[in-house]
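The values are calculated or read from the model by the stated rules, or taken from the named source; none is laboratory data. Please read all numbers here as calculations on a predicted model, not as lab measurements. Cβ sites come from the backbone with ideal geometry, for glycine too, and all protein chains shown count toward neighbours.
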Amino acid sequence: MIAVEPISCPTLTKGQFRYDFGDAAGLTPLLMMYTLGHDFVPPGIHAGGLRYHGEAPLISQLYHDGLIEARAYGQTAVFEAGVLFARSEGIIPAPESAHAIKAVLEEALRAKEEGREKVILFNLSGHGYLDLAAYDDYLSGKLQDYAYPEEKIQASLKRLPEV
């Protein structure tokens, strides 16, 4: 299984498996999860619901135990995959689903290059009708990729609670 996230909010791929608050105010109980720090604020990207500072504890544990892998992609590649899917299947995917579609395309191309058949299953979690402005920005060339700077991630992680 592959968990996919934006490079601008790389919770699994750049975060730490630590106890952290589930909210920015620090009022919730501490949760063991991959986190970028509860005061992490991602840039204004078009990643739908993939802008949270932490990962669900169950997904975090699966990743920590090596049972799933994680990948991070820039938003232009994600929207490119979403447009290809829409043109092929007639469904405009939500940005969250378009992240998964990007990984599906990579896996399908890898299988084709290796000359082997592969069954690939992904979760189409929703339509992108509320994200049409983001698709318009992509098609107009207005979207830019943004990789969250490592120094900002490290600064946020330094403020995690010590347990």
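Being over 30 Å from Pro29 (Cβ atoms) and touching an Asp or Glu at 6+ places or on another chain (Cβ under 9 Å) is the requirement here; does Lys112 meet it? Considered against the rule, which asks whether it is over 30 Å from Pro29 (Cβ atoms) and touching an Asp or Glu at 6+ places or on another chain (Cβ under 9 Å), Lys112 comes out as no.
Within segment 67-83, being of a type in the set (Gly, Ala, Ser) and either within 9 Å of Leu12 (Cβ to Cβ) or modelled with pLDDT under 95 (or both) holds for Ala70, Ala72, Gly74. Note on segment 137-148: residues that are more than 15 Å from Thr35 (Cα to Cα) and out of contact with any His (no Cβ under 9 Å at 6 or more places or on another chain) total 8. Check segment 2-25 and report whether any residue there is within 20 Å of Phe122 (Cβ to Cβ) and either in contact with a Cys (Cβ under 8 Å, 6 or more places away or on another chain) or of a type in the set (D, E, K, R) (or both). Checked against the condition, which is being within 20 Å of Phe122 (Cβ to Cβ) and either in contact with a Cys (Cβ under 8 Å, 6 or more places away or on another chain) or of a type in the set (D, E, K, R) (or both), segment 2-25 yields at least one hit.
In this structure, Phe122 does not satisfy being crowded, with 20+ Cβ neighbours inside 10 Å and not charged (D, E, K, R). Looking only at segment 124-132, decide whether some residue is among the aromatic types (Phe, Trp, Tyr), at pLDDT below 95 and not in a loop (DSSP other than H, G, I, E, B). Yes, segment 124-132 contains at least one residue that is among the aromatic types (Phe, Trp, Tyr), at pLDDT below 95 and not in a loop (DSSP other than H, G, I, E, B). In this structure, does Tyr19 turn out to be more than 20 Å from Gln144 (Cβ to Cβ), part of a strand (DSSP E or B), modelled with pLDDT of 95 or more and in contact with a His (Cβ under 8 Å, 6 or more places away or on another chain)? It is false that Tyr19 is more than 20 Å from Gln144 (Cβ to Cβ), part of a strand (DSSP E or B), modelled with pLDDT of 95 or more and in contact with a His (Cβ under 8 Å, 6 or more places away or on another chain). Scanning segment 97-122 for residues that are over 15 Å from Val78 (Cα atoms) and not hydrophobic (A, V, I, L, M, F, W, C) gives Arg110, Lys112, Glu113, Glu114, Gly115, Arg116, Glu117, Lys118. Pairs meeting the criteria (first residue in segment 54-65 and touching a residue at least 24 places away in the same chain (Cβ under 8 Å), second residue charged (D, E, K, R) and crowded, with 22+ Cβ neighbours inside 10 Å, beta carbons under 9 Å, at least 6 apart or on different chains) are Gly54/Asp20; Glu55/Glu5; Tyr63/Glu55. Determine if segment 144-155 includes at least one residue that is touching a Lys or Arg at 6+ places or on another chain (Cβ under 8 Å), among the aliphatic types (A, V, I, L, M) and assigned to a helix (DSSP H, G or I). Yes, the conditions are met somewhere in segment 144-155.
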